[in-house]
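The values are calculated or read from the model by the stated rules, or taken from the named source; none is laboratory data. Just so we're clear, the structure is a prediction, and the values are computed from it rather than from any experiment. So basically every Cβ, Gly included, is an ideal-geometry build from the backbone, and we count neighbours across all protein chains shown.
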Amino acid sequence: MENIKLVYFGGCPNYKSVKKLLTRIGVSFDEINQDDLSDGHPLKRFTSPTILKNEKLIFGEKISDASGGCSIRIPERWELERKLRG
């Protein structure tokens, strides 16, 4: 079974669009709000939103510190479907 995570922080302007896209594609996913994670948690070192599939980064970016950041571009549906299948 695939483990898909949508990682985001509260107030992220692109979170709802990416969540809606995952829902339309029809995959099950866990939502991880970075605001609820402890300082130093490894999932705080990703831009928001980020999508991980089996712990592999498929959308978003890894960042060097936990200060946060935004994923500027939202993937196209065909692009995200391809990455989720791969």
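Assorted remarks:
- In the stretch 55-84, the residues that are in a helix (DSSP H, G or I) and surrounded by fewer than 17 Cβ atoms within 10 Å (Cβ to Cβ): Arg77, Trp78, Glu79, Glu81, Arg82, Lys83
- Which listed residue is at pLDDT 90 or above, in contact with a Ser or Thr (Cβ under 9 Å, 6 or more places away or on another chain) and in a strand (DSSP E or B), from Leu52, Leu6: Leu6
- Any hit, the stretch 26-41, residues being under 12 Å from the mean Cα position of the chain (by Cα), within 19 Å of Asn14 (Cβ to Cβ) and in contact (Cβ under 8 Å) with a residue 40 or more places away in the chain: no
- Taking first residues from the stretch 1-13 that are free of Cβ contacts under 8 Å to residues at least 12 places away in the same chain and partners that are polar (S, T, N, Q) and part of a loop (DSSP other than H, G, I, E, B), the Cβ contacts under 9 Å between residues at least 6 apart in sequence or on separate chains come to Met1/Ser28.
- Qualifying positions in the stretch 20-49 - out of contact with any strand residue (DSSP E or B) (no Cβ under 7 Å at 6 or more places or on another chain), among the hydroxyl-bearing types (Ser, Thr, Tyr) and outside any loop (DSSP other than H, G, I, E, B): Thr23
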